[in-house]
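Participant: Submitted below is the structure of interest, expressed as structure tokens.
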Amino acid sequence: MGELKDRFKLKADALGVEIKEILKEHGSKKIGEVTLSQIYQGMRGITGLVSETSLLDANEGIRFRGYSIPELQEKLPKAPGGNEPLPEGLFYLMLIGELPTEADAQYVTSLLQRRSHVPNHVFAAIEALPVSSHPMTQFVTAIMALQTESSFAKRYAAGMNKKEYWDAAFDDSMDLIARLPRVAAYIYRRKYRNGDHIQPNGLLDWAGNFAHMMGYSNESFKELMRLYMTIHADHEAGNVSAHTTHLVGSALSDPYLSFAAGMNGLAGPLHGLANQEVIKWIFEMREALGVDLPSKEQIADYVKKTLSEGKVVPGYGHAVLRKTDPRFTAQMAFGKQHMPDDELVNTVWRVYDVVPDILKGLGKVKNPWPNVDAHSGALLVHYGMVEYEFYTVLFGVSRALGVLANLIWARALAFPLERPKSVTTDNVKQWLAGKEEIWGE
Ligand code: CMX
């Protein structure tokens with residue numbers, strides 16, 4: 001094992017150096033429509049996907065069917081007495097493309113309530129894992145256990161006509177969205193509340209009921225969940241969770257299989273897991289400094305220490321965005337309204353005052369501004385949800401709305417199997433030397 005690893009390391013180091021040199025000299029050369037740099041560096045800037053549900057502008061941020069987050073907060077139906085949008089309304093908007101009336105949003109709520117039953121074997125599958133398992137591991141396991149309920153898989157096995165794919169994908173997606181809060185709340189109560197579970201309340205909206213089942217009866221926490229479930233739902237198609245769900249779905253894997261795959265991607269620290277990393281990083285900073293509300297100077301020193309240890313500053317930067325994420329701004333406004341004096345929330349705001357200039361100073365970070373994950377944890381901690389390993393599950397429940405709306409559309413529009421072409425570095429070298437053709441040139 002050790003020898004094989006050593007041999008691999010020698011090869012990897014050598015090829016890494018070679019690729020760097022190739023890109024330095026030839027990175028802008030094109031294979032077909034795309035540059036060598038784009039091929040090697042995460043396909044940035046290549047338009048190759050369709051999402052009807054949302055569009056991300058690098059400087060303006062996300063728009064859902066043309067509506068910005070402040071517009072959604074103004075125009076989407078609210079829960080009785082509430083100010084934040086109902087995520088059911090956003091789901092309707094993403095799926096249908098038109099703003100829902102109050103009755104439309106209520107109809108989605110009632111559909112989800114009716115479909116929310118979770119079979120016992122799903123809880124048994126969660127219970128089979130050690131309680132110490134990461135909540136995302138338990139979440140993905142539960143989604144896979146739910147796959148026994150897939151109408152798409154059963155109808156496909158029975159010879160479903162391809163014109164009906166969207167119909168089966170629709171049914172599975174609605175069932176899955178309806179069941180996720182119950183499953184996620186079960187994991188939360190199992191891991192952090194000694195398995196003292198709370199039954200659903202059929203009178204509550206989707207996000208309000210989720211808050212209730214996790215054990216948070218405070219009205220303003222329910223409002224936070226409605227906002228949280230709305231702003232995390234969708235971020236066009238190229239992010240890891242959305243793209244993975246779409247890619248796996250393109251093989252006609254059913255919505256359970258596709259969504260579980262997307263959630264494995266969300267569990268990566270450069271994507272959804274960043275929300276737990278942010279709070280972990282702030283807690284560690286406070287402990288290291290021995291204060292609850294560090295000064296800007298103390299924060300600046302701690303950020304520099306983080307960077308000097310070869311780590312990223314979690315919650316900052318983005319592959320597409322080039323300004324402060326409007327999802328961060330919406331959460332900041334919520335904090336100013338509901339908890340202006342909270343020390344942790346104020347720490348997040350001080351970090352925001354300090355980090356962008358330091359990241360700009362590195363000269364390589366394309367976006368020094370905060371993303372959605374920089375703020376969410378501090379709001380949750382304010383209400384007592386300190387168990388930061390659970391945060392990515394919250395993100396995942398919300399993300400279901402966008403990626404599954406997209407999956408239904410993908411089957412309705414009969415999008416084909418996704419299968420881009422790849423190259424080898426040897427192939428590229430031969431091509432650069434004029435000795436070999438490259439497909440797509
Ligand atoms: N802290 C330190 N360095 C950073 C950084 C940050 N927050 N963001 C980017 N950089 C570095 C990159 O690591 C890269 O360095 P190397 O060239 O040494 O590898 C360089 O700046 C250029 O990166 P980039 O083009 O600006 O960013 P990418 O598109 O490659 O990556 C992202 C985007 C989000 C992965 C990156 O900014 C990052 O790691 N941020 C911290 C993690 C995070 O908050 N992720 C959540 C994103 C939102 C979400 O999906 O939920």
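Since every read-out is calculated from the coordinates, none of them should be taken as a lab result. Quick caveat, the model's predicted, so the values are computed rather than measured. FYI the Cβ positions are ideal-geometry reconstructions off the backbone, even for glycines, and counts take in every protein chain you see.
Participant: Could you give the distance between the Cα centres of segment 287-351 and segment 381-396, to the whole Å?
Facilitator: The two parts, judged by their Cα centres, are 17 Å apart.
Participant: Okay, next question. Take segment 24-125, drop everything but the C-alpha atoms, weight them equally and run the Debye formula without solvent; then report log10 I(q)/I(0) at 0.13, 0.24, 0.25 Å⁻¹ to two decimals.
Facilitator: -0.70, -1.19, -1.24
Participant: Using all C-alpha to C-alpha distances in segment 1-40, build P(r) with 5 Å bins and read off the rounded percent in each one.
Facilitator: Reading the bins upward from 0: 6, 23, 19, 15, 13, 11, 8, 4, 1.
Participant: Name the trypsin sites (Lys or Arg not before Pro) in segment 1-40 that are in a loop by DSSP and that have at most 15 other C-beta atoms within 10 Å, would you? Write out the running numbers ahead of the final one.
Facilitator: Values: sites: K5, R7, K9, K11, K20, K24, K29, K30; in loops: K29.
Passing both the DSSP loop test and the Cβ count: K29.
Participant: Still on this structure, please answer the following. What number do you get for segment 162-227 when its Cα radius of gyration is normalised by 2.2 N^0.38 Å, N = residues?
Facilitator: Working: Rg = 14.4 Å, N = 66, 2.2 N^0.38 = 10.8 Å.
Working it through for segment 162-227, the quotient is 1.34.
Participant: From the mean inverse distance of alpha carbon pairs (Kirkwood) and the Cα radius of gyration, derive Rg over Rh for segment 45-94. Each step should come with its number before you reach the end.
Facilitator: Numbers: Rg = 12.8 Å, Rh = 12.0 Å.
Here Rg/Rh amounts to 1.06.
Participant: What per residue convex hull volume, in Å³, do the alpha-carbon atoms of the chain yield? Before the final figure, lay out each step's value.
Facilitator: Working: hull volume 78.2 nm³, N = 441.
In the chain, the Cα convex hull volume per residue is 177 Å³.
Participant: Mind putting a number on the dipole of segment 1-76 about its Cα centre? Charges go on the C-beta only, +1 for Lys and Arg and -1 for Asp and Glu, and I need it in Debye to the nearest 20. Walk me through the intermediate numbers first.
Facilitator: Values: 12 positive and 12 negative charges, 46 e Å.
With Lys and Arg at +1 and Asp and Glu at -1, about 220 debye.
Participant: Right, something else. For segment 344-441, which chymotrypsin sites (Phe, Trp or Tyr not before Pro) are in a loop by DSSP, counting at most 12 other Cβ atoms within 10 Å?
Facilitator: Working: sites: W349, Y352, Y383, Y388, F390, Y391, F395, W409, W431, W439; in loops: Y383, W439.
Passing sites in segment 344-441 are W439.
Participant: Would you mind pulling out the separation of the Cα centroids of segment 362-379 and segment 67-143, in Å?
Facilitator: Centre-to-centre distance over Cα atoms comes out at 26 Å.
Participant: Which one of V248, V183, G434 has its Cα pushed farthest toward the positive end of the charge dipole of the chain, where Lys and Arg give +1 and Asp and Glu give -1 at the Cβ?
Facilitator: Selected residue: G434.
Participant: Another question, if that's okay. Among the lysines, which fall within straight-line cross-link reach of K429, defined as a Cα-Cα distance under 25 Å, with same-chain neighbours fewer than 8 residues apart omitted?
Facilitator: Once the sequence-local lysines are set aside, what remains near K429 is K9, K11, K20, K24, K29, K30, K421.
Participant: In whole Å, how far is the Cα centre of segment 221-238 from that of segment 182-204?
Facilitator: So the two Cα centres are separated by 20 Å.
Participant: Any idea what the alpha-carbon Rg over 2.2 N^0.38 Å comes to for segment 145-192?
Facilitator: Numbers: Rg = 13.8 Å, N = 48, 2.2 N^0.38 = 9.6 Å.
Segment 145-192 yields a ratio of 1.45.
Participant: What order do you get for I177, I31 when you list them from fewest to most C-beta neighbours inside 10 Å?
Facilitator: Ascending number of Cβ neighbours within 10 Å: I31, I177.
Participant: Let me ask something else. Mean projection of the alpha-carbon convex hull of segment 393-441 over all orientations, in nm²? Don't jump to the answer; show the numbers that get you there.
Facilitator: On the way: hull surface 23.7 nm².
Projected area, direction-averaged: 5.9 nm².
Participant: Could you tell me what % of all Cα pairs in segment 215-321 have separations over 16 Å?
Facilitator: When every Cα pair of segment 215-321 is considered, 70 percent fall beyond 16 Å.
Participant: Okay, moving on. Stokes-Einstein at 37 °C, 0.692 mPa s, Kirkwood radius from Cα pairs: D for segment 155-275 in µm² s⁻¹? Working shown, then result.
Facilitator: On the way: Rh = 16.2 Å.
Result for D is 203 µm²/s.
Participant: Another question about this same structure. Hey, could you get me the Stokes-Einstein D for segment 363-413, Kirkwood radius over alpha-carbon pairs, 25 °C and 0.890 mPa s, rounded to whole µm² s⁻¹?
Facilitator: On the way: Rh = 13.6 Å.
Using the Kirkwood radius from Cα pairs, D works out to 180 µm²/s.
Participant: Placing unit charges on C-beta atoms (Lys and Arg positive, Asp and Glu negative, everything else neutral), compute the dipole magnitude of the chain about its Cα centre in debye, rounded to 20. Walk me through the numbers before you get to the answer.
Facilitator: Values: 47 positive and 52 negative charges, 155 e Å.
Roughly 740 debye for the chain.
Participant: How do T392, T324 line up, fewest other C-beta atoms within 10 Å first? Spell out each step's value before the answer.
Facilitator: Numbers: T392 26, T324 18.
Listed from fewest to most nearby Cβ atoms, that is T324, T392.
Participant: At most 13 other Cβ atoms within 10 Å and a DSSP loop assignment: could you name the GluC sites (Glu not before Pro) in segment 268-330 that fit? Don't skip to the answer; put the middle values down first.
Facilitator: Numbers: sites: E277, E284, E287, E297, E309; in loops: E309.
Of the GluC sites (Glu not before Pro), the ones in loops of segment 268-330 whose Cβ has at most 13 other Cβ atoms within 10 Å are E309.
Participant: Direction-averaged shadow area of the convex hull around the Cα atoms of segment 110-156, nm²? Working shown, then result.
Facilitator: Values: hull surface 16.2 nm².
Averaged projected hull area, Cα only: 4.1 nm².
Participant: Using Cα-Cα distances under 8 Å and only pairs 6 or more residues apart, what relative contact order does segment 68-113 have, in percent?
Facilitator: Values: 46 pairs, mean separation 14.2, N = 46.
Answer for segment 68-113 is 31 percent.
Participant: Counting just the Cα atoms, what span does segment 82-231 cover along each of its three principal axes? Round to the nearest Å and put the largest first.
Facilitator: Result for segment 82-231: principal-axis Cα extents of 47, 40, 23 Å.
Participant: Check cross-link reach from K296 to the lysines: straight Cα distance under 26 Å, and skip same-chain residues fewer than eight apart.
Facilitator: In chain and number order, the partners are K280, K304, K305, K311, K323, K336, K360, K364, K366.
Participant: Still on this model: Based on the inverse mean of 1/r over its pairs of different Cα atoms, what is the Kirkwood hydrodynamic radius of segment 296-441, in Å? Walk me through the intermediate numbers first.
Facilitator: Details: mean 1/r = 0.0527 Å⁻¹.
Value: 19.0 Å, from the Cα pair sum.
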